[in-house]
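First up is the structure itself, then whatever we jot down about it.
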Amino acid sequence: MKKIKQIFILFFILVFTSLYSQINSNIKFEQISSEILKLDKGLSQNSVQAIIQDKEGYMWFGTWDGLNRFDGYGFFIIRPDYFNAKSGISSPSIRALFQDKKGLIWIGTENGLNKYNPQTQSFIQYKCNVFDNSSLSSDYINTICEDENGFLWVGTNDGLNRLNKKTGRVTRFYLNPNNANSLSNNSINHLFYDPNGFLWIATQKGLNRLNLKTNIFSHYYHNITVKESISSDFINCIFIDKNKILWIGTNNGLNKFDKKTNGFISFKNQSNNSLSLSNNDVKAIIQDKNDILWIGTMGGGLNYMNPNDHRFYSYTSISNDKTSLSNNYINCIYEDKSGNIWIGTAWGGLNKIDKQTKKFRHFIHLNDKDNKSINNNLVWSIVSDKKGDIWIATNQGINIYNKQSKEFSFITHQPNNKNSLASNSVRMIVIDHKRDNIVWVATLDAGLDKYNTKTKVFRHYQYDPIQKNGLTTNRLMSLYEDKYGDIWAGTEFGGLCVLNPEKDKFTNYQHNSSDKYSISSNTIYPIYEDRNGIVWVGTYHGLNRFDRETKRFYNYFHDPNNKKSISSDMIFSIYQDKNGFYWLGTMGGGLNRFNPVTKESKHYTEANGLPNNVVYSTIEDKNGDFWLSTNFGLSKFNLATENFTNFDVKDGVQSHEFNFGAALVDEEGELFFGGMNGLNTFYPEEIQMNKNVPLITITSFKLFNVEVPISLKDGDTLNLNYNENFFSFEFASLDYVNSYKNKYAFCLEKFDKAWNYTNATRRFADYTAVDPGKYIFRVKGSNNDGVWNENGIKIYIQIKSPWYKTLLFYIVVIVLIIISIWAIMVWRIKRISKKHEVERQMLTIQKQLFELEQKSLRLQMNPHFLFNSLNSIQSFVIEKDTDKAIHYLSRFSQLMRLILNNSQQTFVVLQEEIKVIKLYLDLEKLRYDNIFNYFIILDSEIEEEFTAIPPMIIQPYIENAIIHGLIHRKQQGELKIELKLKDNYILCIIQDNGIGRTAAMKIREQSGIMHKSSGMLITQERLEILNKRNKDQLSVKVIDLIDDNGIAEGTRIELMIVFKEV
């Protein structure tokens, strides 16, 4: 049983030793200094003395010249403002960094203590005041920590200080020579809080333990006579590991505290032991997530220790090796949340160890005499033989790797030996599976070689212009053995050459532009035989399927008008999956999944996550995942999810650029890829992915491209004015494994229609002309291996409306409009009511006045006509013409009856008015002994029964024509009365052929009668009244008629009369 236990322990030690040896051989350092070029800004200075990661995920580095905040891409540097010394940080020389439970960052400098509030980006300084014992004991701060009660402990070069953060008052602790329970020395190098209620203090004269309840100090000193005493009194650092073991770093070794003996176990450098501590001056100690202790020394570089066997493995600076430690003098060590180890050096800047970069084993040429490395870094082809050895084609011949011995053997061209390799420019190798001990070698400039592994003899197949069944050229690009044992050689510019080894003859296939069944190009890349024995050939110009029976090639090309055609004509790799689909690696067209039945392709490009659109090789691992070599690293493709996981140089890949044909998965499932800088090998299950969910943060907020000094955290609210609607956010995924592979997505809800995806080169979101309203800005991010923080962070944004677009303004305006409309309506209604009342009264008065005027005028006119008629009757009586007198009197009575009836009306029917006119004309004819005839003409459009006009308007003009025109005519006269419809009026034309107005005037002058016609004057007044009442312009036009000799021949009256329909 005891032997079994011993064997188990031995096995355990061997496993761990192997594990740690593997870690040691694969760790690479990323050097970050003030001169680094690939970051936006380098470190402010190369002496890094303190490191922390805050709760938001930022890394903070304290240097001798400035405080640096790092987001994975650039440094934000804080230095004092010498023009306003009290408002900023008190000194650029940072010696200690600590973040307390509330998230405040405390910075110890060479000139005071500083409290930094990340939210407000403000500082409060704490300084020594010699007149105030409640201030710091010294401004030279070396170390800071916090106890469980929230007190801050500050170690200086002159005493220990306990700061009450609430009051700002300090309690000082000094060395008191008269008190054995006081501090052993006032120069404090380091503090470490022990949750058991103790504070461990590293001084320049012994280790101290302070009991926080009793304020009593216990001391541990070096005693040369006691083996278990601490190795030195000059204590640099203190650390308590996960097993609660206390580790002490001194200037003379590392010490482990043994609780059982209350003594120390010392570890020191042993010159004859490579697994001992590299240097005795131990400056920094941490324990990582894997329980490994990392020890930084001053001069011996970095060590990590196997906690089970106390073996040390060291890393030191190697000249001209940028992946080694930058400097052997270590000031501080820190492990971030992702497991990265950060090392601050005295003069070499910052170093970062990504423990996950040990993903790919890398074989690279070291020197010509070394059989542990390949002999040339340019790798073109990789195959495995039946023994499991790996054959590698390089630009310096053939490399054979024995996986058991981990050693290389080489086959190269020997100029003086015809039986040696024809050329060192080996392009591809094929292990003959039909014939034992035969290896086929394609060279880039010397044709095809057949190599016998037993006899070590080469046979050369080279281009001979005389030989018809030989190679077409010596420039070979690819090589393949089909199931029949034929060797297919793809050439550059010479087409396809197929060798039958039994007949020792070549069958050649070349492109013929006049034969559509010829091969599509004479430059051949991959040759592949599928499960059905069909041979597929990728060329410089198209994909080809070969029909063995007809010897025909069927071509497939990229068609710009067909999105489902292959994406590129240059094919670098062909692979058939278990479902029968062919996966094509192309030049510039990414990866294609080709369906041989439908002849359609599905494309996968950079837009789908592929690192580069040049795909050299495609192989499938035992898990069913595809591995692709590209022009920008390796990519793993999951067929189920169609997701790509990409790996670049920082992950351990030999270089960004690989070569077509340089890919292999061997019988054990190990993968091999070759490129421009050597060879990578790995087992897929060894590739540990970064599963850390990154913290997302807003690193900058800008308005109109001007940065706003504000710290935005998840859930914060931004209140912006309406004219502050041009803004941008900058963000970062705070995972530092490989920051430049982190991905991002952002969205401004209610503005963006979908998520915007971007990468590390564009970590910002710009928004312009955003309308007032409420928005939510969201951003999420991934780490380098595509693990997303789906929750991300969100910022609420409230853009205020201008005052004239606010709801209150709209309400006020609407109320004012309503009040105004109501007031106007009330005023208008009152005004209209008042106006209507006045108008109604005026209309009543006017109507009464009008009717009175009309009656008055009619009454004036009626006596005038009556006077003239009675004169006529009198003349008949005097002349004793009884019959005429009786006839005239009868007609006169009818006329008077009508006039009396009409005089009561404002309008009379036209039919009645014409009847009055006819009676009047008949009476006048009788009176003047028929000296004239009359004619009344009525327009056919006028309906006299339904048309009404003012009464007694026409009669005065008829009377005037008779008395002043017709009765003075020597011959019989003629009077024509014509009524026409014109627009809204009746045009009445009264035309006589009398003596004219001029002659009539002379007759009146001679007779001494100069008065104007009363009937005409009365009618004119009536027309004026009618115009005013009806707002019409009734007119009377008098026209003198003359003949060609200018002699008067009558008068024409044109009278416009208003009418209405009845």
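Any chance you could count how many residues in the range 784-817 are farther than 23 Å from Phe751 by Cα and acidic (Asp, Glu)?
1
Kindly state which strands (runs of 3 or more DSSP E) lie completely within the range 25-108 and contain at least 1 residues that are at pLDDT below 95.
29-32, 75-78
Only one of (1) free of Cβ contacts under 8 Å to residues at least 12 places away in the same chain; (2) over 20 Å from Arg552 (Cβ atoms) is not met by Lys505, so which one is it?
That leaves (1) as the condition not met.
Within the range 595-627, restricting attention to residues that are touching a Gly at 6+ places or on another chain (Cβ under 7 Å) and aromatic (Phe, Trp, Tyr), which residue is nearest to Ile524 (Cα to Cα)?
By that ranking, first place goes to Tyr616.
In the range 176-198, what residues are surrounded by 13 or more Cβ atoms within 10 Å (Cβ to Cβ) and either within 51 Å of the chain's Cα centre (by Cα) or farther than 25 Å from Ile240 by Cα (or both)?
Asn189, His190, Leu191, Phe192, Tyr193, Asp194
Would you confirm whether or not the range 375-384 contains a residue that is outside any strand (DSSP E or B) and more than 18 Å from Asn680 (Cβ to Cβ)?
Within the range 375-384, none of the residues are outside any strand (DSSP E or B) and more than 18 Å from Asn680 (Cβ to Cβ).
Are any residues in the range 237-256 basic (Lys, Arg) and in contact with a strand residue (DSSP E or B) (Cβ under 7 Å, 6 or more places away or on another chain), and if so, which ones?
Lys242, Lys256
Applying the selection to the range 965-975, what residues are buried (at least 17 other Cβ atoms within 10 Å of the Cβ) and touching a residue at least 40 places away in the same chain (Cβ under 8 Å)?
Matches in the range 965-975: Gly965, Gly973, Leu975.
Filter the range 461-507 down to residues that are in contact with a Pro (Cβ under 8 Å, 6 or more places away or on another chain) and surrounded by fewer than 20 Cβ atoms within 10 Å (Cβ to Cβ) and give me whichever is farthest from Gly538 (Cα to Cα).
By that ranking, first place goes to Gly485.
Within the range 560-593, can you find the residues that are among the hydrophobic types (A, V, I, L, M, F, W, C) and over 15 Å from Phe637 (Cβ atoms)?
Ile566, Met570, Ile571, Phe572, Ile574, Met587
Kindly establish whether Lys980 is surrounded by fewer than 17 Cβ atoms within 10 Å (Cβ to Cβ), free of Cβ contacts under 8 Å to residues at least 24 places away in the same chain and in the same structural domain as Ala1048 (by TED's automatic domain parsing).
no
Are there any pairs, at least 6 apart or on different chains, whose C-beta atoms fall under 6 Å, with the first in the range 140-151 and of a type outside the set (D, E, K, R) and the second outside any strand (DSSP E or B) and surrounded by fewer than 21 Cβ atoms within 10 Å (Cβ to Cβ), and if so, which?
Tyr140/Glu110; Tyr140/Asn157
If you scan the range 417-455, which residues turn out to be hydrophobic (A, V, I, L, M, F, W, C) and not in a loop (DSSP other than H, G, I, E, B)?
Val426, Met428, Ile429, Val430, Ile431, Ile438, Val439, Trp440, Val441, Ala442, Leu448
Which pairs have Cβ atoms under 7 Å, sit 6 or more apart or on different chains, and link a residue in the range 97-121 that is aromatic (Phe, Trp, Tyr) to one that is part of a loop (DSSP other than H, G, I, E, B)?
Going by the 7 Å Cβ cut-off, the qualifying pairs are Trp106/Asp100; Tyr116/Leu104.
Examine the range 304-321 for a residue that is out of contact with any helix residue (DSSP H, G or I) (no Cβ under 7 Å at 6 or more places or on another chain), under 16 Å from Phe239 (Cα atoms) and assigned to a strand (DSSP E or B), and state whether such a residue exists.
The answer is yes, given that some residue of the range 304-321 is out of contact with any helix residue (DSSP H, G or I) (no Cβ under 7 Å at 6 or more places or on another chain), under 16 Å from Phe239 (Cα atoms) and assigned to a strand (DSSP E or B).
Matching residues to (1) of a type in the set (Lys, Arg); (2) over 22 Å from Asp651 (Cβ atoms); (3) crowded, with 17+ Cβ neighbours inside 10 Å; (4) in contact with an Asp or Glu (Cβ under 6 Å, 6 or more places away or on another chain):
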site	(1), (2), (3), (4)
Glu724	no, yes, no, no
Leu734	no, no, yes, no
Tyr740	no, no, no, no
Ala745	no, yes, yes, no
Glu749	no, yes, no, no
Val770	no, yes, yes, no
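Closer than 23 Å to Ser700 by Cβ, under 21 Å from the mean Cα position of the chain (by Cα) and not in a strand (DSSP E or B): is that true of Ala769 in this structure?
yes
Suppose we filter Gly339, Gly300 for residues that are assigned to a loop (DSSP other than H, G, I, E, B) and surrounded by fewer than 22 Cβ atoms within 10 Å (Cβ to Cβ); which single one remains?
Among Gly339, Gly300, only Gly339 is assigned to a loop (DSSP other than H, G, I, E, B) and surrounded by fewer than 22 Cβ atoms within 10 Å (Cβ to Cβ).
So Leu979 clears everything in (1) in contact with a strand residue (DSSP E or B) (Cβ under 8 Å, 6 or more places away or on another chain); (2) among the aliphatic types (A, V, I, L, M); (3) modelled with pLDDT under 90 except one condition, right? Which one?
(3)
Determine which member of the set Tyr517, Tyr575 is in a strand (DSSP E or B) and of a type in the set (Ser, Thr, Tyr).
That would be Tyr575, the only listed residue that is in a strand (DSSP E or B) and of a type in the set (Ser, Thr, Tyr).
For the range 984-992, does any single residue satisfy the condition of being at pLDDT 85 or above, surrounded by 15 or more Cβ atoms within 10 Å (Cβ to Cβ) and either touching a Gly at 6+ places or on another chain (Cβ under 6 Å) or not assigned by TED's automatic domain parsing to the domain that holds Lys918 (or both)?
Taking every residue of the range 984-992 in turn, at least one turns out to be at pLDDT 85 or above, surrounded by 15 or more Cβ atoms within 10 Å (Cβ to Cβ) and either touching a Gly at 6+ places or on another chain (Cβ under 6 Å) or not assigned by TED's automatic domain parsing to the domain that holds Lys918 (or both).
The values are calculated or read from the model by the stated rules, or taken from the named source; none is laboratory data. Predicted model, so just to flag it, every value in this text is computed and none were measured. Here Cβ is always computed from backbone atoms with ideal geometry, including for glycine, and neighbour counts include all displayed protein chains.
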